[in-house]
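Colleague: So that we are looking at the same thing, I have put the structure below in structure tokens.
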Amino acid sequence: MKRKVATVLATVIMFIVMIPIFAKAAELPVDEKYGAYCEEIGAKYNICPELLEAIIEQESSGNPNAVGVYGDIGLMQVIPKWHRDRMDRLGVEDLTDEYGNILVATDYLAELFSEYEDIGTVLMAYNGVSDFQSKGEKAEYTKYAISIMERSKELERKHEEKERFCYRPKLQNQFEKTNSISYFRPILTEFKRKIKL
């Protein structure tokens with residue numbers, strides 16, 4: 001009886017001790033170095049860095065040496081046979097190089113954004129979903145797309161709480177853009193600034 005009580009008590013204490021550790025890990029799951037890369041490359045391509053971080057979490061859990069079943073490599077799971085020309089153009093030889101992997105993937109995302117504009121559709125195309133076009137403009141997003149969009153919003157809120165610098169580009173022809181959160185965030189931020197003045 002005493003052993004059972006001691007075991008239960010030890011288990012409860014272990015969970016109490018471990019909860020802050022798990023909470024801390026959930027706060028900043030992507031290595032700060034990768035976050036800095038996402039900031040820099042996101043600024044270059046006008047893509048929200050939180051979106052890039054959310055993709056990294058989903059695709060590789062932040063493991064730069066991750067290899068997928070289709071030969072996808074690195075943080076953002078880039079498939080070299082599909083992106084060889086892009087890699088050559090950007091000067092990336094090794095997709096396990098964190099910066100190079102994020103650069104190639106972001107370049108591809110920028111291409112997809114120029115084609116589709118809608119963030120959910122872009123994410124489905126990035127993930128290799130091929131039948132989304134037949135579903136039309138009001139297509140239902142895949143779980144993959146939804147989870148990345150939600151995580152991106154969550155990361156954005158956490159970064160704002162910490163007052164971390166995030167690149168927020170101004171948009172040209174802003175009303176011609178999609179209703180994507182990442183497109184309208186800069187407009188709302190600018191509007192809030194003007195109200196405070």
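Colleague: Using θ = phi - 60° and the Karplus form 6.51 cos²θ - 1.76 cosθ + 1.60, what ³J(HN,Hα) does each residue of region 118-127 get, whole Hz, x for Gly and Pro?
Modeller: Calculated HN-Hα couplings, in order: 6, 4, x, 5, 4, 5, 5, 5, 4, 7 Hz.
Colleague: Across 10 Å bins from 0, what is the distribution of all Cα-Cα pair distances for region 48-148, in whole percents?
Modeller: 16, 49, 31, 5
Colleague: Please give the contour-minus-distance gain from Ser114 to Asp97: 0.36 nm per residue of separation, less the Cα-Cα distance, rounded to one decimal in nm. Don't skip to the answer; put the middle values down first.
Modeller: Values: separation 17, 0.36 × 17 = 6.12 nm, distance 2.60 nm.
Taking Ser114 through Asp97 to full extension adds about 3.5 nm, to one decimal.
Colleague: Please list, ordered by chain and number, the residues whose modelled amide H lies under 5 Å from the amide H of Ile73; skip anything fewer than 5 residues away on the same chain.
Modeller: Gly68, Val78, Ile79
Colleague: Got a sec to turn the phi values of region 66-75 into Karplus ³J(HN,Hα) couplings, 6.51 cos²θ - 1.76 cosθ + 1.60 with θ = phi - 60°, whole Hz, x for Gly and Pro?
Modeller: Values per residue, Gly and Pro as x: 5, 10, x, 5, 9, x, 6, 10, x, 3 Hz.
Each reported figure results from applying straightforward, stated rules to the coordinates on display, with no laboratory input. Please read these numbers as outputs of a predicted model, since none were measured by experiment.
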